[in-house]
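Here is the structure we will look at, set down as structure tokens.
The values are calculated or read from the model by the stated rules, or taken from the named source; none is laboratory data. Source: prediction; values computed, not measured. Note: ideal-geometry Cβ built from the backbone for every residue, glycine included; neighbour counts use all protein chains shown. Keep in mind that these areas ignore ligands, DNA and RNA; they rest on the heavy atoms of the full protein, side chains included. Shrake-Rupley method; radii C 1.70, N 1.55, O 1.52, S 1.80 Å.
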Amino acid sequence: MIPTITAFERSPDGGKGLARDTRVRWALEEVGQPYEVRPVSFREMKEAAHLAVHPFGQIPTYEDGDLALFETGAIVFHIAEQHAGLLPDDANARARAITWMFAALSTVEPSILEFGNAKLLESDKPWAKERLPLVAERVRSRLKQLSARLGDADWLDGAFSAGDLMMVSVLLRLKPSGILDEYPNLSAYVARGEARPAYKRAYDAQYLAFIGKESAGKK
Ligand code: GTB
């Protein structure tokens, strides 16, 4: 069976691959699993049919036969469990790769999201100028720790894994800010992720979907 994922009908990032369907596409591409995409509008996301799959009315979701999942962590983990290539066979190495997935989502991503919100959604608030540097420092503090752990290794723990896929996906959100460039080993790490053929296919697919919608809208 071919799984179906949902994605923004028209991504607000203009096809830059920052919406979270990209990490799911990337995982599917890494394991060679074809997939279909059901684009959803912001209105559809909050309607009953979508809420039945995603209780928080967001994208992406993942449906395969009787199984319906939401949350990119759970989706990527499921894909990695179903196919070879994203988690090591050795039980301890596998547990460590899963640990990095959790670390990406629950220790590194929150400060990055907070930073994004402070820049994009709160910049007109009277306290924004004072808050932004604080939030940026929280991001730097995590990046410094991550940078120290990565050192000059290519990936976080041996061969590329779902842990790296998730960490790179989380860090990518920082690229436009320039903060990532303060940690050369982390920007090289992200670049290695982006250079993977599976990432390129995932990026191109979401970009082409966005461009397709744009040109259809202009007709
Ligand atoms: N924890 C969930 C997961 O990992 O699956 C979070 C899912 C989530 O945040 N989904 C977002 C969404 O559906 C899209 S990815 N938002 C609509 C809503 O909540 O109503 C977040 C996102 C949105 C936009 C950009 N962008 O424009 O750059 C980047 C990322």
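List of remarks:
- Near pairs, Cβ below 7 angstrom, 6+ apart or cross-chain, from the stretch 18-33 (of a type in the set (D, E, K, R)) to any residue that is open to solvent by 40 Å² or more (accessible area, probe 1.4 Å) and part of a helix (DSSP H, G or I): 29/201
Quick grid of which residues meet (1) open to solvent by 10 Å² or more (accessible area, probe 1.4 Å); (2) more than 18 Å from residue 76 (Cα to Cα):
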residue: 154; (1), (2): yes, yes
residue: 160; (1), (2): yes, no
residue: 167; (1), (2): no, no
residue: 203; (1), (2): yes, no
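- Residue that is nearest to residue 87 (Cα to Cα) [pool: residues in the stretch 113-148 that are touching a Leu at 6+ places or on another chain (Cβ under 7 Å) and without any contact (Cβ under 8 Å) to a residue 40 or more places away in the chain]: 147
- Residue within the stretch 99-113 that is more than 16 Å from the ligand (Cβ to nearest atom) and of a type in the set (A, V, I, L, M, F, W, C) present: no
- Residue check: residue 175 meets all listed conditions (1) open to solvent by less than 60 Å² (accessible area, probe 1.4 Å); (2) modelled with pLDDT under 95; (3) touching a helix residue (DSSP H, G or I) at 6+ places or on another chain (Cβ under 8 Å) but one, namely (1).
- Taken over the stretch 62-98, residues that are within 12 Å of the ligand (Cβ to nearest atom) and of a type in the set (Val, Ile, Thr) amount to 3.
- The criterion of at least 2 residues that are touching a Gly at 6+ places or on another chain (Cβ under 8 Å) is met, among helices (runs of 4 or more DSSP H) falling completely within the stretch 140-219, by 162-172, 197-218.
- Check on residue 14, in contact (Cβ under 8 Å) with a residue 12 or more places away in the chain and closer than 13 Å to residue 201 by Cα: no
- Number of the exception - residue 121 against (1) open to solvent by 80 Å² or more (accessible area, probe 1.4 Å); (2) of a type in the set (A, V, I, L, M, F, W, C); (3) within 16 Å of the ligand (Cβ to nearest atom); (4) at pLDDT 95 or above: (4)
- Condition check for residue 25: within 29 Å of residue 146 (Cα to Cα), within 13 Å of the ligand (Cβ to nearest atom), modelled with pLDDT of 95 or more and of a type outside the set (Asp, Glu): yes
- For beta carbons closer than 7 Å, sequence separation of 6+ or different chains, a first residue in the stretch 62-86 that is touching a residue at least 24 places away in the same chain (Cβ under 8 Å) and a second that is aromatic (Phe, Trp, Tyr), the qualifying pairs are 75/62.
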